[in-house]
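Scroll down for the structure; my scribbles are underneath it.
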Amino acid sequence: MIKIVKTIMVIILSLIISCNNSSSNNKSDSVSTNKTFANKFINVGIYVYDYPFGYLSNGTIGGFDYDLMNEISKISSIKMNFIPMQFEQLMPALEAKKIDAIIAGMTVTEDRKKQVNFSDKYYTSRQAILLNQNEDRINTEEDLIGKKVGVIKGTIADTIISQNPEIQIERFETVSSILLSLKVGKVDAAMFDKVTCDHYLSYDKDLKLAEGITFPEENYAIAFRKDETALLNEINKALYEVMNNGSYNTLIQKHLGTNQETKSNQ
């Protein structure tokens, strides 16, 4: 009987030691992962001509994308060095390792997924057509045929409009340049994400949406090089926490004025 009790005690002690070792290893792995990026700087390419996602005010970067990355930085301890770029410069800069990540209201597409890895989505929107208030010729997609449509070079709007060779496409670097061209009649319509359109409509009563033209929903995400899976995983972990701890909805209210529930990043 004593031998049986001793045997049982040895087994229990072995199990306890094994569990402790396993727990210790897990903690070690976690610490190791955090040490890989904690307090290290990464260069983040950001597009700052797409209010309210990104903008410059007196030389200072602001916007939803900028604040979101700073919230991610707080949780992950990854330091962000933001580098403003034109939209079409972002993907080449990432490939050339001039930057380590892109946040630019960038739509996840199958073509882009061949070039980069995307984080989990952080926003869902759709494209929209902006018109002058007195424009009555454009009500459907077919009405865009033969018209000049202004887009930001390299964006999803550029991709969509380029698919129809009967539409005249005019490419610009900034939203403000397109809006100026729209106002003076150099283009007949402008295409941006609906959030951007809604922003300008909120104070410019000379503009309107083409209500009869709608586009599919699209997801925005942060882009990384294909070989940066460890960095991608760290950003995704922090992004998940931001989107579930209340910070995300605070940023939505601050910059976009709506409450888009995207909890758990599905």
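The values are calculated or read from the model by the stated rules, or taken from the named source; none is laboratory data. No experiment lies behind these values; they were computed from the predicted model shown. Every residue, glycine as well, gets a Cβ built from its backbone with ideal geometry; the counts of neighbours run over all protein chains shown. Note: areas computed on protein heavy atoms with side chains; ligands, DNA, RNA excluded. Shrake-Rupley method; radii C 1.70, N 1.55, O 1.52, S 1.80 Å.
Things worth noting here:
- Alpha carbon Rg of the stretch 142-250, scaled by the compact-globule rule 2.2 N^0.38 Å: 1.35
- For the stretch 129-136, 3J(HN,Hα) per residue [Karplus equation, 6.51 cos²θ - 1.76 cosθ + 1.60, θ = phi - 60°, Hz, x = Gly/Pro]: 9, 9, 10, 5, 4, 8, 7, 10
- For the cross-link pairs K186/K208; K98/K254; K40/K97; K113/K208; K79/K237, the ones whose C-alpha atoms lie over 23 Å apart are K98/K254; K113/K208.
- Applying the Karplus relation 6.51 cos²θ - 1.76 cosθ + 1.60 with θ = phi - 60° to the stretch 238-248 yields 3J(HN,Hα) values of 5, 4, 4, 5, 4, 6, 10, 9, x, 5, 4 Hz, where x marks Gly and Pro.
- Heavy-atom surface of the stretch 107-266, accessible at 1.4 Å and reported per residue (Å²): 49
- For the stretch 59-101, applying the loop criterion from DSSP together with a ceiling of 14 other beta carbons within 10 Å to the trypsin sites (Lys or Arg not before Pro) yields K97, K98.
- In this structure, the amide hydrogen of F82, modeled 1.01 Å from its nitrogen in the peptide plane, lies closer than 5 angstrom to those of V44, counting only residues at least 5 positions away or on a different chain.
- Whole-Hz ³J(HN,Hα) from phi, Karplus 6.51 cos²θ - 1.76 cosθ + 1.60, for the stretch 64-74, glycine and proline x: 4, 4, 4, 5, 4, 5, 5, 5, 4, 4, 4
- Accessible carbon and sulfur surface of the stretch 114-160 relative to its total accessible area, %, 1.4 Å: 40
- Around the amide H of D120, modelled in the peptide plane, lies no amide H under 5 Å away from a residue 5 or more places distant or on another chain.
- Derived value for the stretch 32-115: Kirkwood hydrodynamic radius 13.5 Å. Basis is the mean of 1/r over every pair of different alpha-carbon atoms.
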